[in-house]
Structures are given as structure tokens and as C-alpha cells.
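Presented below is the structure to which this report refers.
The values are calculated or read from the model by the stated rules, or taken from the named source; none is laboratory data. These figures come from a predicted structure and were not determined experimentally. Because the Cβ atoms are built from the backbone with ideal geometry, glycine has one as well, and the counts that use them run over all protein chains shown. Calculation scope for accessible area: heavy atoms of the full protein, side chains included, ligands and nucleic acids excluded. Shrake-Rupley method; radii C 1.70, N 1.55, O 1.52, S 1.80 Å.
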Amino acid sequence: MIAGADAQAVRRDSAKAFQKVRECSAQMGPDVITFSFYQPTQSRSQFCEDIPETGPTTMVIDTLQDELRDMTVEIRIVEADPKGDEDAAPNEAYLPPAQFRSGVIQLDHDFKRKGDFVALVRARSPDGRKEYNARFTFSVGQEFLRDWTAVAIATGVALALGAGWYAHSLRRKASEKTKLGKA
């Protein structure tokens, strides 16, 4: 019985880990990369799209396929452009082209300001015949604002539903009084 409970807990934890990988991944040509952000001076948590605070941040990219380990990979982090034209944007952070045979790429950067950013990852084969690109967006220091916006929207919906129910109840009571008065 205990072994069954342990196996079920492992399956549940594995499912959560798989969901996290799916959320924190990007297509890179025919391959997939996963990415995570850490803020070692702030917490021990792993972040995917919303980095809660400005400050020292470590971005880790895992290249899951061997093909990417043989290619040179470079990373540019730029401020997100509402028009989607990040190619001309100045670099917020940059990791020059290099091979990462271990499949793990680490970029450390100290974010000084809040905002929306884009990570542009480019991989090139040694002969230059293949080039793959990946793009993923993330925010820095805006999680609090997003959380409160969601709370405000949920509160507004709940208040509207409550007011609608209350108005309906008043109308129903008024119609019942009218029926009783006529009887």
C-alpha cells in the first residue's frame, strides 16, 4: 500500500516536472530547447516567463538534442518591441557564439530595470549550412502587477455576478408580493 502511494506521488511529481518543461521550452529548428531563470540572491525558485524582481539573474538553456551541442550558439536579450522587430534593438545582455558540448548554456545578467524582454537564440553549424533560431519572451519585475490585475478582474466579475443575483432576487420578491396582493 505504501509502495503504491509512493509510486503515485512520483508519477504526480513527474507530471508536474513535464508540464514545467513544456511551459519553458522553445522550438529551435527541428529541435527543442528548454530555458529557466534563477535569481540566487532573491530565492531558490525557478522561473519561466515572469522573473519577479530586477537584479542578478541566471538564465539556463538546455539543448536536448546532440545536433545543437555540435553547433555554435549565441544569445541576445533585448527589450521587447511591441511591433516584434527586435533584430535592430540594442542588447540588454549578450553571450557570444560558442559551442556548448555539455548541452547546458548559462548566461548571467543583472537586470537593472523592469520590463518585457525577448531572448533571441541562434545556433549555426560549423560549416554554416544550418542555422536555427528560437525566440522566447519574458518579463522582469512585473509579476506583482500581473497578479493584482488578475485579482482585480476576478473581483470585478464576482461583484457583477453578485449584483446580478441580488437584482434578480429583488425582482422575484417584488413579483411574489404582487401575486399575493392580487390573490
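Approximating the spin labels as points 7 Å out from Cα along Cα→Cβ, the GLN46-to-GLN27 distance works out to 2.4 nm. Approximating the spin labels as points 7 Å out from Cα along Cα→Cβ, the SER169-to-THR72 distance works out to 7.1 nm.
State in Å² the accessible area per residue of the stretch 29-129; use a 1.4 Å probe, count heavy atoms of protein chains only, and round to the nearest integer. Each step should come with its number before you reach the end.
Values: 5440 Å² over 101 residues.
With the other protein chains kept in place, the stretch 29-129 gives 54 Å² per residue.
Share of carbon and sulfur in the accessible area of the stretch 40-108 stands at 46%, probe radius 1.4 Å. Fully extending the segment from ASP110 to LEU161 would add 13.9 nm, taking 0.36 nm per residue of separation and subtracting the current Cα-Cα distance. Spatially, the stretch 126-143 and the stretch 19-76 are offset by 10 Å when compared through their Cα centroids.
If the chain linking GLU79 and ARG101 were pulled fully straight, counting 0.36 nm for each residue of separation and taking away their Cα-Cα distance, it would gain 5.0 nm.
By the scheme Lys and Arg +1, Asp and Glu -1, what is the net charge of all other residues having a beta-carbon under 12 Å from that of ALA119?
Values: positive: ARG76, ARG122, ARG135; negative: GLU49, GLU74, GLU79, GLU86, GLU92, ASP116.
So the environment of ALA119 carries a net charge of -3.
Per-residue SASA remark: THR54, around 40 Å² accessible (1.4 Å probe; ligands, DNA and RNA not included).
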